[in-house]
1. Please give the calculated 222 nm ellipticity per residue for chain A, where each DSSP H segment of at least 4 residues contributes -39500 (n - 2.57) and the sum is spread over every residue; nearest 500 deg cm²/dmol?
2. Relative contact order for segment A:166-246: what percent, with Cα pairs under 8 Å and sequence separation of 6 or more?
3. How would you classify segment A:99-161 from its alpha-carbon gyration tensor, with a ≥ b ≥ c the square roots of the eigenvalues: rounded for a/c under 1.5, else prolate if a/b is greater than b/c, otherwise oblate?
4. Does anyone have the angle between helix A:142-154 and the longest principal axis of chain A? Alpha-carbon axes, 0 to 90°, nearest 10?
5. Please give the FRET efficiency for residue A:169 paired with residue B:590, using the beta carbon to beta carbon distance and R0 = 56 Å, rounded to the nearest 0.05.
6. Cα-based Rg of segment A:127-234 per 2.2 N^0.38 Å, rounded to two decimals?
7. Just report the Cα centroid separation between segment B:51-126 and segment A:223-246, whole Å.
8. Short version: what are the Cα gyration tensor semi-axes of segment B:26-108, square root of 5 times each eigenvalue, largest first, in whole Å?
C-alpha cells in the first residue's frame, strides 16, 4: 500500500504556477527523493504534504487517510498528519536548550512527564547527543544542530519523514557523514522518507527512488540507476551527471539497408531505434561511455585533446572534434596531454536518443 | 438525493471557511485593520468633515453660521480672506523657511561629523561618535529653554537672561526670538539624523571602490565628487527629508522662541487657533501640514528609488582613513565644541537656572535648592513647593511614566502582531493594506495628529463617551504615532521568526497560542526591546502630539513645563526638563545595557 498518495496537486503563487497537476505515490518504507533545479517546486510539494502550504487543487492521502482535498475542503493541520519535517535551516528554537527543543512536541501533546523524559532521552541517545541536553543550539556545530533537528523529528514517532535539503548547510565532509546517518535512520526506523534536494549525488546515493521535477511538473520517477542509465527525457539526461552528459544534435538517415544517426562530429548506427527517417534527434552519451584510444581504429573517430582535468580517482579529458568538445571520463590518471591526437570509441548501447522537439526519450525495439 | 448533495456542498463550504479562519494571520490581520482604521483613518475623516461644516463656535464669527450644515466658510477664511495672511500664508512661509534652513544646517553639520568620525584620523573619533547622537535623545525644546535662559530680553517680562548679566548688553529681538534661534536650536537637535544615516552609508562603502578610482588616476577631489558623493547621496536626501518633515510639524521650540515676537509657524498657529476656539482653522492648517509631509515623503521615495546603490558589504570591508595632518586637533576641537554647545552648556544653563532663588540675580549667594526640594513659601512662585515635593508635578511625573510604559508595551505588542500578520500573509491584499495603514501616522505631523484626535474625540461617538480629557486618549494617540516604527521593527524581527521557526512549532502540533507564547514572543521580544525603549523615550518627551489633548487631570511633565514657561517660572520649567532628561537618558542607558545582554 502506498503511504503517501498525491493526486492532481496544484499550487500557484500569484501568477506563478509552482506545482502543476502533480501525481505521485510513495510506497511504505520507501526512500524517495524529489530532485530538481532550484525553483522547480520540489520544496513546495514537500510543504504541502507537511501541511505548511495549502494547495490550490488536488488531494493528498497519508497512510490511507485524506489529509487534504480541495474537492471536499479537507485540510488536516500539520501537527495531526503524523509526519515529521526537518527544515533546511534546522529551525531549532534558539531560546530553548536541546532538551527543550526535543521535548516541546511532547509537551504540547500533554505527554506525562516521566514518559516524556524517557522518550526525549531515548531520541537524544539515538542521535548520540547525550550529555548535550542543556546546551543551546548556537553553542553547537552544524552537524550537532542537524542531529538535534533529527531527534526533534524522531521523538514524535512520525510515520513519514519529510526532509527539506537537510544537508545543504553542512561542509562537504560532514555532509557525507550525515548522509550515512540519514540512511541508517531510514533503515532502522523503517519510516517512509521523502527527501528534497538539488544535489544529485545526494539523491543518487540515498534514495530507493528518485523523482525528478522540472518547472512544477514531475518528469520521471525511477530508481537511481535507471534515472542515470535510461533518462526519461532530454532534461533528465542533461540534469543528471557530472560532468554533464555529451549531447549531440543530428537526424536519422538511411544508407542502403542500414539506418544511422548522423550528428555534428559523429555518426552511429541505429538499427533498432524507434525513430522515423529524417527525424531530428539528440544523442546523449555519458562521459564514461566514451573510450579514448591512441591507435587508429575503424570503430573510432579522431580528435585532439583540448584539456586534461585530473580529480584523483578519475580524470576528465576534454576532446575537441569537428567544432565541439566531448567530455570523457577516464579512471585513474592518464598520460595524455593537450594537443595529443586521440581516437574516440562509442559503445552503441551506451547512447540514449531523444526527440529534439519535446525532449522525449526514443526507445529501442526489443530493449 | 438532492438534499444529500446539498448537505455535501454545505460541508465543503463550511470546511473552506473554517480553513481560511484557521489561518491566524487572516483573523489577526482583519482585527488589526479594524483597530488601525479606528485609530487613524476615522479620526482623519472626521477632521476633514469638520473643516467643511459649520461649528458651534462659528456663531461668534459669522451670523450665517448654522452648526452641522455644509460650508466652504472655513476654507475661504483660511485661504482668501483679509485674515489669510496672518492665519495662514505668513505661518506657512515661516514653517517652510525655518524647516528648510534647519534641514540644510543639520545636513551640513551631520555630514561633516559623519565624515570626520568615519573617514578621517581625527583623535577620539569613537568618543565623538557616541556623544554625537545625544542631542536627539533630549526633548527637542531643551535647547529652546536654555536659549531663553541665556538670551532672554525684556520683551516677555520677568528676568532677563544671563547674556545681559554677563556682558551688560541686552540681546536684540532677532537674536533672542524668532527665525534665528529656532533654526540654530533645532538644527543642533536634528543633526544626529544626518549623522546616523550618512555615517551608515560611509561605513558601507568599501575603500576599494575609491581605490579603484585612484588606480585609474583620479585625483582626491574627483574621487570625492564622482565616487563617494553619489554613493552617500541617497542617505543625504533621506536625512534632509526626514529632518524637514520632523521640523515642519514640531511645536515646542517655535512656540517658546517664536510666540514672544508673534513669529508663528503652521504648527504654532494650529495650537493658537484651537486655544482661540476656531478649530476649523486649525484643522485646515493640519491638513496643509499633512499634505506637505506627504509630498516630501513621496519625493523621497521617488528619488531614493532611483538613486539607491547596493554597495556590497562583505566581510572584507576595508576603510582607509584620510590623514588630516595638523587639522586633526582643530577638527576635534570643533566637534567637541559643537557637542558641548548642543548638550552640556544648555543642560548646565538649565541646571543653574533651577538653582537661582530670584531669577535675575546671578550671584552665588542666590543659589538655592528651593525649586527642587523647598516647601511652599508664599513669597516665591505663588507658593508652589519644589518639584520633588510638589503634588501636581509628582502627579504629572507619574502620568508621564505610566503613559510611556503603557505606550511602549502596547505599541511593542501591536508591532509584533502587525509584523506577524504582515509577514505570514505576505503577498495577500490584507497584509498589504495592513502594512500601509500602519505607516499612515508617519505622514501626519504630531501637532496635526493632535488636532485630528481633538476633532473626533471631543464628542461622544455612539455609545462611547467623549474620550477627551481621559488618560486613555493619550495612550491611543501615542500608540498610533509610534506604530510606524514598531510595526517596521515588528515586521523585520518577524521575518526571521515567523518562517521555519514557527512552522517547526506547527509540525510539533502546537496551537497558535502555544506557538505565539512559547516561540514567537520570546524570540521577537529580545529584538523589539530597543523598539520598546524608543517608544518609551519618545513618549516621555512628547509635547507636540499631546499638547492639544491635555486637561489638568492628565497633565504630563512635558505639558507642565509648557505651562510654567507660559507663566514665566523658568526655574520650575527648567527643573522639570532636567527631570525628563534624567528619565530619558536613564531609559536610553537601560536600553543599551539590556541590548548588550540580548539573548544568547
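Computed from the coordinates by the stated procedures, all read-outs in this text should not be read as laboratory data. Bear in mind the structure is a predicted one, so any value in this text is a computation, not a measurement. Note that each Cβ is placed from the backbone with ideal geometry, even for glycine, and that neighbours are counted across all protein chains shown.
1. -7000 deg cm²/dmol
2. On the way: 62 pairs, mean separation 13.0, N = 81.
Worked out over segment A:166-246, it gives 16 percent.
3. Working: a/c = 1.85, a/b = 1.43, b/c = 1.29.
Prolate, because a/c is 1.5 or more and a/b exceeds b/c.
4. 60
5. For residue A:169 and residue B:590, the calculated efficiency is 0.95.
6. Rg over 2.2 N^0.38 Å, computed on Cα atoms: 1.20.
7. Here the answer is 70 Å between Cα centres.
8. Three semi-axes, in Å: 31, 29, 7.
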